[in-house]
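The values are calculated or read from the model by the stated rules, or taken from the named source; none is laboratory data. Since the model is a prediction, treat every value here as computed from it, not as a measurement. FYI the Cβ positions are ideal-geometry reconstructions off the backbone, even for glycines, and counts take in every protein chain you see.
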Amino acid sequence: MATTHHPLGIDIGGSGIKGAPVDLTLGQFAKDRMRLDTPKVSSPDAVADLVVQIAEHFADDTGDSPIGVTLPAVVTNGVVRTAANIDSAWIGTDARKLLSDRLGRPVTVVNDADAAGVGELHFGAARNANGLVLVTTLGTGIGSALLYNGVLVPNSELGHLEIDGHDAEDQAAASIRSDDSLSWAQWAERLQRYYSHVENLLWPDLIVVGGGVSRKADKFLPLLHLRAPIIAAQLANSAGIIGAAWLATNT
Ligand code: BGC
């Protein structure tokens, strides 16, 4: 029986590189994901070696299907412009060219939060949402995706808004809650300051909160008071892989 081939999504983060073939009719992994530790020196070549390893692992499931790759970075036309939690050697690298040369297949490279936003839009908490949707990922930093009537406005970088003289993610990221031993209520105060500021600038119709901490949304979302509904993401840490595979297939 002929195997159905699926696009491959790969999410590159500061601690792990995770990939899985994605069934885009269901919006879920077609096979269990593979995770490799991000190398200590996460240079483009070192990371590319692991991306190749993941692609080879899923060769039978993906065939010649496109590959979507996320990075914790601003990415314009496949070129990396910033680097958060990955080696600064990425800045200026044409990641699309590097990875498609190494893999011999078309590769789409996008910001990690943008991919997560697209995943939530098509298969998760923002399914069928119209108007302006803001998806934020709360993790080591704060990532953001802006989607207007289903179209992604890439690289919004709203984690770096300056609020009260600070880079917002240095005050309100999920990592700060544990680093500073904040209670849920103390952290929620910081989130309230952050989301109300963003809300006054952009007036989103819906706010989705992602990242691993979204699994504990009941501890902090009820403490937030905003104009727009603010809800937990549904795809947790799969959103980036699923969104990357969707973007690789649809752009
Ligand atoms: C980076 C963003 C990234 C976010 C989440 C921020 O520090 O600037 O590009 O999306 O972290 O990883």
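Each residue in segment 217-238 was checked for being touching a Ser or Thr at 6+ places or on another chain (Cβ under 8 Å) and either on the phi > 0 side of the Ramachandran plot or part of a helix (DSSP H, G or I) (or both), and 1 of them qualify. In the set 69, 22, only one residue is in contact (Cβ under 8 Å) with a residue 40 or more places away in the chain, more than 16 Å from the ligand (Cβ to nearest atom) and aliphatic (A, V, I, L, M); that residue is 22.
Of all residues in segment 132-166, those being acidic (Asp, Glu) and more than 9 Å from the ligand (Cβ to nearest atom) number 2.
Summed over segment 18-65, residues that are closer than 18 Å to residue 115 by Cα and buried (at least 22 other Cβ atoms within 10 Å of the Cβ) total 5. Considering segment 172-191, and only residues there that are within 13 Å of the ligand (Cβ to nearest atom) and out of contact with any strand residue (DSSP E or B) (no Cβ under 6 Å at 6 or more places or on another chain), the residue that is nearest to residue 13 (Cα to Cα) turns out to be 175. Within segment 113-125, is there a residue that is of a type in the set (Asp, Glu), crowded, with 24+ Cβ neighbours inside 10 Å and in a helix (DSSP H, G or I)? Yes, that holds for at least one residue.
Would you confirm, using the coordinates I've provided, whether residue 41 is in the same structural domain as residue 96 (by TED's automatic domain parsing), under 20 Å from the mean Cα position of the chain (by Cα) and either of a type outside the set (D, E, K, R) or outside any loop (DSSP other than H, G, I, E, B) (or both)? Spelling it out, it is not the case that residue 41 is in the same structural domain as residue 96 (by TED's automatic domain parsing), under 20 Å from the mean Cα position of the chain (by Cα) and either of a type outside the set (D, E, K, R) or outside any loop (DSSP other than H, G, I, E, B) (or both). The condition (being touching a Ser or Thr at 6+ places or on another chain (Cβ under 6 Å) and either free of Cβ contacts under 8 Å to residues at least 24 places away in the same chain or closer than 26 Å to residue 82 by Cα (or both)) is satisfied by just one residue among 158, 191: 158. Looking at segment 77-104, I want the residues that are of a type in the set (Lys, Arg) and have a partner that is surrounded by fewer than 20 Cβ atoms within 10 Å (Cβ to Cβ) with Cβ atoms under 7 Å, at least 6 apart or on another chain. Which pairs are those? Close Cβ pairs (under 7 Å, with a partner that is surrounded by fewer than 20 Cβ atoms within 10 Å (Cβ to Cβ)) amount to 81/74; 81/91; 96/78; 97/78; 102/48; 102/52.
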